[in-house]
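Shown next, in structure tokens, is the structure this report addresses.
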Amino acid sequence: MGRKLDPLKKVPRGPGRKAKKQHGAENELKNILQEDIEEKRMSSRSRKRAAKRRMLVEQKAAAKLPAKNNVPANAKLKAGGKKALPGFSDDNAQWLKPAKRARKAGEEESEDDNEEDDDEEEDEMEKEVKDGMEEEDGDDEMEEKNGEEEDAEEESEDGDDDDKEDGNGEFGGSLSLSDSDDLQDDYGTSSGDEKDLLPIERASKKEKKKLKSEEAVKGEDSSIQLNVDSEDPFQLPTEEELEKELSTAPDLSTMQERIKDIVGVLQNFAQRGGGRTRQDYLKVLKKDLATYYSYGDYMIETLSDLFPVSELVDFLEACEVHRPITIRTNTLKTRRRDLAQALINRSVNLDPLGKWSKTGLVIYDSSVPIGATPEYLAGHYMLQGASSLLPVIALAPQENERVLDMCCAPGGKTSYIAQLMKNTGSVVANDMNAERLRSVVGNLHRLGVTNCIISNYDGRQISKILGGFDRVLLDAPCSGTGIISKDPAVKTNKSVQDIQRCAHIQKELVLSAIDALDAQSQTGGFLVYCTCSITVEENECVVDYALKKRNVKLVPTGLDFGKEGFVRFKERRFHPSLRQTRRFYPHTHNMDGFFIAKLRKFSNAIPNPNKDEETVTPSPEELKKEKVAKKKAAKRKAPDENDINDKAPKEKSENQKASKVKGGNKKAPKEKGVNEKLPKEKGGNEKSPKAKAQKKKVVVKKAYMKKAAKMTGKKDKKKVANKKKKLFKQKKNK
């Protein structure tokens, strides 16, 4: 009695220990699990081993079979030391081959039959290998047997069905069965699969095979079609097509594919298709990027000038993702190791920030709010971006120094400076906005900072109030083009005027910060200028302006990573030492966009400005004020000029009268000396030199008339006039 199988129940794959003895159960499994057995007929390892066997058989059979035919059978027995199995010899070896059943006309040869034939050929080849190996020495026989046993073990691991795939129930070639000796299974049927299948089962089997073959053909055709499509060159859409796209809602998927295609064309522009220029491709690319990522035209133009095409797409993609949360350990109260262990106990997933930072930690995941833990409230750490740690590391404040933080709110960098100074020396935290200073005071109290002084002054005027600092940190207000992931409004609300206004304020702040430094400081005299912007106008242009206006020079920042600053950008050319500045980008360093420059002051004297040097670019508000002042000055000058023109004819009449007086022309040389001094005087209301000379003549005449009237004592005009003439003659004679 054998084990009965229920076709509805799923039978575990591969026969067990009992199933090896029950050959009918194995055949029944083949009928039930036909598809699974077909998929795992022969593993890749078994195929490789079969190929190796064939190679060995061909080599050894070619060398040893001719000698084998010449040796008699008795000699073989003596040499091998083995007894031949009774009933088997080379003559009756054909008995082991199963008889193939006759197929109907038009019936396709099944894959199972082909595999069975292959298995039979492998068994025969193994027998020939055994016969050839019997002629070798005993040592060789042992090695070969060990190899065969290892192969058999590997085959049993891959699948136990490999040795039992013969259609007539052969197991390892140890049994010889004829067509009439078929085993009966549990249901009383023979073990032949094809004979016992019903016609409908055979038809369904054929349909499954056809469907599989058709699907395989379709898959190949589709892959071929995809390859052909990919080989076709990308064609840039025409202007009409672009206008049609603007009239309808944008399809972001097609736009993304077009961006990738254009980037690929621009990277290998020589192999493009069509006669379109590079500017045409760039124009379409900028429009697509502005639409896909929701940027303004000015921002896309600015970023495309900074980055190459492939890097531009990476930057825009990085700005769509938030940067990882980072915290800074407050070493005034705890150590990083203890803080990390405390947060891990609160189920916070974290890691050290990097080798360049000894206090930073990266927060990947947290089940509790990071800004409300007991450790945060106790002042053990500060929520601070990774990029904002870099300026303080570059500044490297020392103990017992005087340090100024010109734009300190909200106090992250100020507290880090005090932490590095170990609460020694003094730190002046200044900010123009009084409301933001409240957060600075709160953070400093929470973190335990005791060496800080809070001030509320305009940074542009602070050098006139405070000075003599060893180090100054200037985190200047900027456009924020490096923190788009935090403030997406920057994509559209920034213009040329905003960048110019920020650059103007930054130049004034840099000069004030340099003036607040003490060049004779034994340990310092350093200024760190940083912004969270990536535009050249706010970074390299400002530093280059400071190098021209003050006695400062650039020094290394002390940071091992980061990209070098620009030395040339478009039509601008900067000082070669700007290579020592550092730029950080979100797509390369996984932190907010940042710019850092470190300057050292070597003289407190202010150099004289040269005409060739750049002047401070005035802000739009100042330009408007200057225009209004010029208009007012022009209105004031206009009436004065009219008054002078009105007086001109009167002066001519006086000149005519003076010409009648005798000796009037002789006094002219004396009056020239007076006229020479007049050009030194300034003012729009002053009279001309001729008018003043005529006035002097009139005054002299009146003086002589009064003197003559006193001398004559009469009021007769004629007598007075005659007396005046006599006085003139006397003066001439003298």
Taking 7 Å along the Cα-to-C-beta vector as the label spot, tell me the Ala372-Ala519 distance in nanometres, rounded to one decimal.
5.4
What does the accessible area of Lys692 come to, in Å² to the nearest 10, when a probe of 1.4 Å is used?
80
Area accessible to solvent at Lys209, 1.4 Å probe radius, in Å²:
70
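About its Cα centre, how strong a charge dipole does the stretch 246-320 have in debye, to the nearest 20, once Lys and Arg get +1 and Asp and Glu get -1 at the Cβ? Mind showing how you got there, number by number?
Values: 8 positive and 12 negative charges, 81 e Å.
That gives the stretch 246-320 a dipole magnitude of about 380 debye.
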Potential lengthening between Glu214 and Gln398 on full extension [0.36 nm per residue; Cα-Cα distance subtracted]
58.5 nm
Any idea how far apart Ser253 and Thr450 come out in nm if each label point goes 7 Å out from Cα toward Cβ?
6.6
Thr277 and Glu320 label points (each 7 Å along its Cα→Cβ direction) are spaced in nm at 3.1
Take every Cα pair under 8 Å in the stretch 362-423 that's 6+ residues apart, average their separations, divide by the length, and report that relative contact order as a whole percent.
30
How big is the accessible area of Arg278 in square angstrom, nearest 10, if you roll a 1.4 angstrom probe over the protein chains?
100
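Quick one: if the Förster radius is 51 Å, what FRET efficiency do Ala721 and Lys627 give, using the C-beta to C-beta distance and rounding to 0.05?
Numbers: r = 60 Å, r/R0 = 1.17.
Result of the calculation: an efficiency of 0.30.
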Longer than 24 Å from Cα to Cα, which of Lys287/Lys570; Lys358/Lys563; Lys355/Lys413; Lys355/Lys553 are they? Say none if no pair is.
Lys355/Lys553
So what J values fall out for the stretch 538-548 if you push phi through Karplus, 6.51 cos²θ - 1.76 cosθ + 1.60 with θ = phi - 60°, rounded to Hz, Gly and Pro as x?
8, 10, 5, 5, 5, 5, 5, 5, 5, 5, 7
Return the loop-located GluC sites (Glu not before Pro) in the stretch 395-440 (DSSP other than H, G, I, E, B) with at most 13 other Cβ atoms within 10 Å of their own Cβ; answer none if there are none.
Glu399, Glu435
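Let me spell out the model: positive unit charges on the Cβ of Lys and Arg, negative unit charges on the Cβ of Asp and Glu, origin at the Cα centre of the stretch 324-383. What dipole size does that give, in debye rounded to 20?
Working: 8 positive and 4 negative charges, 59 e Å.
Using Cβ point charges on Lys, Arg, Asp and Glu, the stretch 324-383 gives about 280 debye.
Suppose the chain between Asp305 and Phe569 were pulled fully straight at 0.36 nm per residue; how much longer would it get relative to their current alpha carbon spacing?
94.2 nm
The values are calculated or read from the model by the stated rules, or taken from the named source; none is laboratory data. Computed from a predicted model, the values in this text were never measured in an experiment. Quick reminder, even Gly has a Cβ in these numbers, built from the backbone with ideal geometry, and neighbours come from all protein chains shown. Quick note on the areas: whole protein, heavy atoms, side chains included, nothing else; ligands and nucleic acids left out. Shrake-Rupley method; radii C 1.70, N 1.55, O 1.52, S 1.80 Å.
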